[in-house]
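Read the structure below first, then the notes.
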Amino acid sequence: MPYTLPSIPDPARGAAATPIAFIRAIVAAYTRYGRDPARALARARIAPELLTDGAACVTAAQMELMSACAMQELDDEALGWFSRRLPWGSYGMLCRASITAPDLGVALKRWCRHHRLLTDDLLYSLEIEGGTATLALREHRELGELREFCLLTSLRYVLGYASWAVDSAIPLGEVNFPFAAPPHARVYALLFPGPVHFGARQAAFRFDSAYLSLPLCRDEGALRVMLQRALPLTVLRYRRDRLIAQRLRQLLRARPGEAATAELLAARLGLSARTLHRQLLDQGTSLQALKDEVRCERALELLRRTQRPIKQIALAVGFRNEKSFMRAFQGWTGMTPGAARTRMPAPQHMDGGGTTRLADPS
């Protein structure tokens, strides 16, 4: 993504987690165009001899500077991946074409369609099946030694932009790459918020399709600011999740009898308990409110579908005794469990002979 070179006094300062293999991929782009990478390496303060150390790593700032220099000097934002250059501003054009979309689903469809105008060497596609959305890459050209860096970065570009556009983390159910796990495979866990698999049929990531309905919350002004320094979006992972409440409801419904503490739920979402509480507060709710909502929903379902005693229903929705359940239920609904049951029609179904009978009360 295009931006001017950042002013970083000492890019080598900080944690070095980016594998030198990614720097070598950028150097390979210089080789393809017959250019010398010395200036870019010097600007990023990367010693040339480090390129031969397979175990070496650089900082995120060094990677950012190296990429920015290369994109400008080579006038190719794809860094030599494709059969033609993607001139400076190409990815900015993709962002601008998507920023006016009403929701993330439309924005991603536009990204896929407009990327085809830049190159057909690598095509994006978005497919939705059931509750799962899949963003995939189809290769139409041999990418050679640049294949890993191209596929990795192409997925991170669109994931980073999508997260920024809706101002939300997008948890991934699965991330796939069509090559063997590289020696630096551990870095993938830092780049993608979901389980990563190698040796797959194609590069792709899957996520809950509910995120496609999120409205974009950025405008042209915010986009201009972002494009001044967009490359960190390919590295930074969003922590704020605008669908956190929905995801918590799903967890609570899946384990109705479990003692769901904030620490346990937060761990399952990859958050700290403190972050979980803060994000829920930002959305105008709380963990206790969600627990009560799911408990009430479950209690009403049991009252409608079964003839279980109130005491059994209390235990099934997580209460230790009938009295505390009845008090809570009345607070949720304004009536007692018994009154709620009498207002609900008894569930019925047809037996084999076509006769209507009451459902099994168990």
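The values are calculated or read from the model by the stated rules, or taken from the named source; none is laboratory data. A quick note: this is a predicted structure, and the numbers were derived from the prediction, not measured. All Cβ positions, even for glycine, are placed from backbone atoms using ideal geometry, and neighbour counts span all protein chains on display.
Looking only at the stretch 277-300, count how many residues are part of a helix (DSSP H, G or I) and either at pLDDT 85 or above or of a type in the set (Gly, Ala, Ser) (or both).
15
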Any hit, the stretch 323-344, residues being in contact (Cβ under 8 Å) with a residue 60 or more places away in the chain and in contact with a helix residue (DSSP H, G or I) (Cβ under 8 Å, 6 or more places away or on another chain) = no
Test: residue in the stretch 172-192 that is touching a residue at least 60 places away in the same chain (Cβ under 8 Å) and crowded, with 21+ Cβ neighbours inside 10 Å | no
Out of the residues in the stretch 9-22 that are at pLDDT 65 or above and part of a loop (DSSP other than H, G, I, E, B), which is farthest from residue 58 (Cα to Cα)?
-> 10
Identify all residues within the stretch 106-129 that are free of Cβ contacts under 8 Å to residues at least 24 places away in the same chain and outside any strand (DSSP E or B); write none if there are none.
-> 106, 109, 110, 112, 113, 114, 115, 116, 117, 120
Please state which one of 221, 284, 270 is assigned by TED's automatic domain parsing to the domain that holds residue 96 and among the small types (Gly, Ala, Ser).
-> 221
Could you tell me which numbered condition residue 280 fails, if it satisfies all but one of (1) surrounded by 16 or more Cβ atoms within 10 Å (Cβ to Cβ); (2) out of contact with any Leu (no Cβ under 9 Å at 6 or more places or on another chain)?
-> (2)
